[in-house]
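Novice: The structure that follows is given in the form of C-alpha cells.
What follows draws every value from the coordinates through simple rules; no lab data is involved. Everything quoted here is computed from the prediction, not taken from an experiment. As a convention, Cβ positions derive from the backbone with ideal geometry for all residues, glycine included, and neighbour counts pool all protein chains shown.
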There are 2 protein chains.
Amino acid sequence: MESKFEFAKELVKRAGQYILDHMQEDLRVEIKSSPTDLVTKLDKEVQELLVGEILSRYPEDKICAEEGCLRASVQEGRVWVIDPIDGTNNFVAQQEDFAVMMAYFENGQGQFGLIYDVVKGDCYHGGGKFPVCRNDQLLAPFKVKPLGDFLIAGNSGMLETNEWGLADLSRAVLGVRVYGSAAISFVKILSGRLLTYITYLQPWDYAAASILGESLGYRVVTLSGQPLDFQTRQPVMMLPLEMQEEIQSYIYERKRT
Amino acid sequence: MESKFEFAKELVKRAGQYILDHMQEDLRVEIKSSPTDLVTKLDKEVQELLVGEILSRYPEDKICAEEGCLRASVQEGRVWVIDPIDGTNNFVAQQEDFAVMMAYFENGQGQFGLIYDVVKGDCYHGGGKFPVCRNDQLLAPFKVKPLGDFLIAGNSGMLETNEWGLADLSRAVLGVRVYGSAAISFVKILSGRLLTYITYLQPWDYAAASILGESLGYRVVTLSGQPLDFQTRQPVMMLPLEMQEEIQSYIYERKRT
C-alpha cells in the first residue's frame, strides 16, 4: 500500500502541474445540466491523465470518476474515485479555490485520500493507515468548543431556502461561508477552520474527505446522519463525531417542521 | 504625496507583521454588539500602532477608525480611515481571510488606499494618482462579460431573506460566494474574480476599496446607486461602472416588490 500511496501523491501533483501549465489557454467551457454546471477541456484532460496513469500502472484496478461514464462501485475490488477539478466554476471565473481529489478503496474500505489545492500548493493526504497531513505537516484532530465559536460552510441555494435547516444552524454559530467548492470547504474542516459543511454531493465530491477525516475525528454522513451510498447524489455533511448530536439536532428538527 | 504613500505601504506591512507575530497568543476575544460581532486585543493593538505612527509622523492629520471613538469626517482636511483587522470572525476562527485596510483623503478626495491580506502576503495599493497594484503587479481594469459568466459575493443574512434582491441576482449569475470579510471580497473584485459584492458596511470597511477601484472602472455606491456618506452603516455594493445599470436593475426592481 505504501508504494500505491506514494504513486498517488506524485500523480495528484502531476495533475496539478498540468492544470497550472494549461489554465491560461482557452478552457473551452461547456454547459452540462444547467448554465451553472460547467465542464472545461482541463476537467476532461486531467481526468484522462489520472485514469491513464492509474490503469497503466494498475491495470486490474477500477475507476469511478466525475466526467464521462466510469462508475465502478467502491464496494467491490480495488477502486479509485476521482474528481479531476472540484470547484469548476471557481476555476473558470477565479482561477483559484479549486482542487484535484482522489480516493482509493479496497472492497469498500477507504485506504487513502488526496485533496490538492493546486493554486495554494497545499496537498492534503493520508487516511487509512497513513497519517493525515497538509504537505509535510501533521494535522491536529478535532477539538470540541462551544457551537457559537465555529464557522460553518454550506450551499447558497440551501441557505436561501433554509433547506434542512441550514439557515437556522447558521444563526446558531459564528457565521456561515460559501466557497463554491466541496474540496476547499473540506480542507478547511480538516485544518480546524470550519465545524461542518452541508450541501448536496456526488461520491467523487466526498470520497477523499471521508477517508481523510476519519482519524481526525470527522465523519461524512447524510443529513439524516446515515452512511453515504457512494453511488448517488445525496444531501451530505462532514462533521466531528463528538459534536454530531448537537449539529444533527438543528438539521433533524428543522427537517420535520 | 509620494512619501506619504510610501510611508503608508511600509506601515500596513508593519501592522501585518505585528499580527503574524502575535496571532498565536491568547486573542482575548470580546463581544461587541452581538455574539457574532467580535473584537480581539490585536484589533485594538494594531489600531494603536497605526494611529500612533501616523500621528507621530503627521501630527496635524485626523483619523476615522473602527475601534474606539476616532471618527473624523473625510470631507475636511487630511484624514486617514483605518480598519485594523477586517474579517475579525475569520481571524478568530480561521486565522486567515482577514486584512488590514487604510485609506487617505484630502478634503473628501481619496488619495490612495491599501488592503493587506496578511496571511497570503498580498498588499493591494494605489488609487488617486498612483497605479493600482497587487504587490508589484499592475492590476487590469474591468472587462465586460455576460452577467452569467461572473461570480458575486454577498452577506449571508441578505441572501437568506433575499434582502434588496440579492438572492435573485445570485440566480442570474454563475454563483454567489460568502467570504466573511469585506476586504477579502473587494480584493477579489479588484483581481477580476468577482463582479460585485453586496452587504452592509461602515466607512472603514469600504474607504480603501472605493479609492483602489476607481481607476480600474469600479465604484462603491449604496444599493440605490447613490454616493456613500462615509459616516454611517449603509447598504453598499462595489461594481463596475460599465455594468452598473444591469446589476442595479435586479436590486432596484426587487426592492420595490
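Novice: If the reach is capped at under 14 angstrom between alpha carbons, list the aspartates and glutamates near A:K4, excluding any in the same chain fewer than eight residues apart.
Specialist: Qualifying aspartates and glutamates at Cα under 14 Å: A:E53, A:E60, A:D61, A:E106.
Novice: Using only the C-alpha atoms of the range B:2-138, find the volume of their convex hull and express it per residue in Å³.
Specialist: Looking at the range B:2-138, the number lands at 105 Å³ per residue.
Novice: Continuing with this model, one more query. Calculate the mean, over all residues of peptide A:87-95, of how many other protein chain Cβ atoms lie within 10 angstrom of the residue's Cβ.
Specialist: Mean partner shielding for this stretch: 4.
Novice: Estimate the FRET efficiency between A:H22 and A:N135 by the formula 1/(1 + (r/R0)^6), using the beta-carbon distance for r and 22 Å for R0, to the nearest 0.05.
Specialist: Efficiency at R0 = 22 Å is approximately 0.40.
Novice: At 222 nm, what value in deg cm²/dmol follows for chain A if DSSP H runs of at least 4 each add -39500 (n - 2.57) and the sum is divided by all its residues, to the nearest 500?
Specialist: -11000 deg cm²/dmol
Novice: Moving to a separate point now. Longer than 24 Å from Cα to Cα, which of A:K9/A:K188; B:K13/B:K120; A:K44/B:K120; A:K9/A:K32 are they? Say none if no pair is.
Specialist: A:K44/B:K120; A:K9/A:K32
Novice: Distances from A:E48 to the same residue in each other copy, label points 7 Å out along Cα→Cβ, in nm, shortest first?
Specialist: 6.2
Novice: Right, next: Report, for B:A140, each distance to the same residue's label point in the other copies, shortest first and in nm; define the point 7 Å along Cα→Cβ.
Specialist: 4.1
Novice: Once phi is turned into ³J(HN,Hα) by the Karplus curve 6.51 cos²θ - 1.76 cosθ + 1.60 with θ = phi - 60°, what whole-Hz value does each residue of the range B:208-220 show in order, with x for glycine and proline?
Specialist: 5, 4, 5, 6, 4, x, 4, 6, 8, x, 9, 9, 10
Novice: Starting from a Cα-only point model with no solvent, please compute log10 I(q)/I(0) by Debye for the range B:147-256 at q = 0.16, 0.22 1/Å.
Specialist: -0.61, -1.28
Novice: Next question. Taking chain B as a Gaussian network, where each spring joins two C-alpha atoms under 10 Å apart, which residue of B:K188, B:K13, B:K143 fluctuates the most?
Specialist: B:K143
Novice: Next up: Enumerate the amide H contacts of B:R219 below 5 Å, restricted to partners 5 or more residues apart or on another chain; note that Pro and chain-start residues carry no placed amide H.
Specialist: Close amide H contacts, sequence-distant or interchain: B:L239, B:L241.
Novice: Using the Cα centre of the range A:2-136 as the reference point, and only Cβ charges (+1 on K/R, -1 on D/E), how large is the resulting charge dipole? Debye, rounded to the nearest 20.
Specialist: Taking the Cα centre of the range A:2-136 as origin, the dipole is about 300 debye.
Novice: Still on this model: At A:T232, with labels set 7 Å past Cα in the Cβ direction, how many nm apart are the copies from this one, shortest first?
Specialist: Copy-to-copy label distances at A:T232, shortest first: 5.3 nm.
Novice: In addition: Tell me which residues come under 5 Å, amide H to amide H, from B:F150 once H is placed; ignore anything under 5 positions away on its chain.
Specialist: B:L174
Novice: Moving on. What residues qualify as long-range amide H neighbours of B:Y200, i.e. H under 5 Å apart, gap of 5 or more or another chain, H built at 1.01 Å from N?
Specialist: Distant-sequence amide H within range of B:Y200: B:V236.
Novice: Tell me, what ³J(HN,Hα) does each residue in the range A:111-121 have, in order and in whole Hz, if you take phi through Karplus 6.51 cos²θ - 1.76 cosθ + 1.60 with θ = phi - 60° and put x for Gly and Pro?
Specialist: 9, 6, x, 9, 10, 10, 7, 4, 6, 6, x
Novice: A further question follows. Output ³J(HN,Hα) for the range A:16-32: one whole-Hz value per residue in order, computed from phi by the Karplus curve 6.51 cos²θ - 1.76 cosθ + 1.60 with θ = phi - 60°, and x for Gly and Pro.
Specialist: After applying 6.51 cos²θ - 1.76 cosθ + 1.60, I find x, 5, 4, 4, 4, 6, 10, 6, 8, 6, 4, 7, 6, 6, 10, 8, 9 Hz.
Novice: Residue of B with Cβ nearest the axis relating B to A, plus distance in whole Å?
Specialist: That would be B:V178, 2.
Novice: Taking Cα pairs under 8 Å and at least six residues apart, what relative contact order does chain B come out at, in percent?
Specialist: Relative CO of chain B lands at 15 percent.
Novice: Could you work out which residue, out of B:K145, B:K41, B:K62, moves most in a Gaussian network model of chain B, that is, has the largest mean-square fluctuation with Cα springs under 10 Å?
Specialist: Result: B:K145 has the largest fluctuation of those listed.
Novice: Next question, about the same structure. Please list the equivalent ellipsoid semi-axes of the protein assembly as shown, computed as the square roots of five times the alpha-carbon gyration tensor eigenvalues, in descending order and whole angstrom.
Specialist: Largest first, the protein assembly as shown gives 40, 24, 23 Å.
Novice: Can you give the relative contact order of the range B:197-257 as a percent, counting alpha carbon pairs under 8 Å and 6+ residues apart?
Specialist: Taking the mean separation of contacting Cα pairs over the length of the range B:197-257, I get 38 percent.
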